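Quick notes on the structure that follows.
The values are calculated or read from the model by the stated rules, or taken from the named source; none is laboratory data. Computed from a prediction, not measured in an experiment: that's the story for all the values here. Every residue, glycine among them, receives a Cβ derived from its backbone with ideal geometry; neighbour counts consider all protein chains shown. These area figures cover heavy atoms from the full protein model, side chains too; ligands, DNA and RNA do not enter into them. Shrake-Rupley method; radii C 1.70, N 1.55, O 1.52, S 1.80 Å.
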Amino acid sequence: MPRADTRARVLQAAVHTLAAEGYGRCTARAVARTGGFAPGVIYYHFADLDDLFVATAQYTSEARLARYRAELAEVATASDTLAALRRLYAEDGSAGYIAAVQELVAAANANARLAEQVKAQTAQWQDFAAGIIERLLTGTPLAEVIPVREVATAAVALYLGMEMLSHLEAHRLGPDALFDAAERFAPLVDAWRLGLLSGQ
């Protein structure tokens, strides 16, 4: 197997181990067991576990961001944007990406190198979210009153946190309910953009 493919396999195993067992139990032996390879394979590609975690944060973020950009590049309406985000969020949840990133974010509090990587990747997601929000608000009265950067930051935080909160407090609103609420508002945004409502 090519070296790049083996490295990607290790990174995928780290994602799945973080999601299933948490950061505290994500040892080299656990990652190797998940991926079906010897622990020594990890140290052939990474200096140590910290190096693996930093690379996992970058790998996961960049792979998913590329997917989001591809899916949303041609989406023009708020309704279609939210439908696409719901599908992508479901993918993230079922594949363990959300849980893995939550573990890495929590671990970053005590790991300066990991914190820098998480910060850099979060900034890219905030930029992406800001671009989507700005595109959807253009031509509506909301464009003049909504602070795009602040809303983008809140959106990224909500995106990462709402799954965790729904697990901690099952009686609270979960991701599906939040998407449902947003999708009820989306046609109003689309109507503004199309000039079907006053305020143009």
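Ranked from largest, the principal axis spans of the Cα set of segment 6-108 equal 49, 24, 22 Å. Under the convention that each Lys and Arg Cβ holds +1 and each Asp and Glu Cβ holds -1, the size of the dipole of segment 75-122 around its Cα centre is about 80 debye.
Principal-axis analysis of the Cα atoms of the chain puts helix 78-95 at an angle of about 20° to the longest axis. Taking Cα atoms only, the orientation of helix 49-72 departs from the longest principal axis of the chain by about 30 degrees. Computed over protein heavy atoms with a 1.4 Å probe, the accessible surface of segment 1-83 works out to 49 Å² per residue.
Positive end of the dipole of the chain (Cβ unit charges, origin at the Cα centre): among Val10, Leu188, Ser94, the Cα lying farthest that way belongs to Val10. Summary of packing: across the peptides 19-27, 6-14, the per-residue average of other C-beta atoms within 10 Å ranks them, highest first, as 6-14, 19-27. Highest average first, the peptides 143-149, 79-85 ordered by how many other beta carbon atoms sit within 10 Å of their residues are 79-85, 143-149.
Restriction of the GluC sites (Glu not before Pro) in segment 46-100 to DSSP coil positions whose beta-carbon has at most 10 other beta-carbons within 10 angstrom yields Glu74.
Overall, the accessible surface of the chain at a probe of 1.4 angstrom is composed of carbon and sulfur to the extent of 59 percent. Per-residue accessible area (protein heavy atoms, 1.4 Å probe) orders Val31, Val118, Val105 as Val105, Val118, Val31, starting from the largest. Considering only Leu88, Leu104, Leu178, the Gaussian network model of the chain with Cα springs below 10 Å gives its largest mean-square fluctuation to Leu178.
Go ahead and set up a Gaussian network model of the chain, Cα springs under 10 Å, then flag whichever of Phe185, Phe46, Phe128 fluctuates most. Among Phe185, Phe46, Phe128, the largest mean-square fluctuation in the Gaussian network model of the chain belongs to Phe185.
Taking the Cα centre of the chain as origin and assigning +1 to Lys and Arg Cβ atoms and -1 to Asp and Glu Cβ atoms, the resulting dipole is close to 440 debye. Ranking Ile146, Tyr59, Val105 by Cα position along the charge dipole of the chain, where only Lys, Arg, Asp and Glu carry charges on their C-beta atoms, puts Tyr59 farthest toward the positive end.
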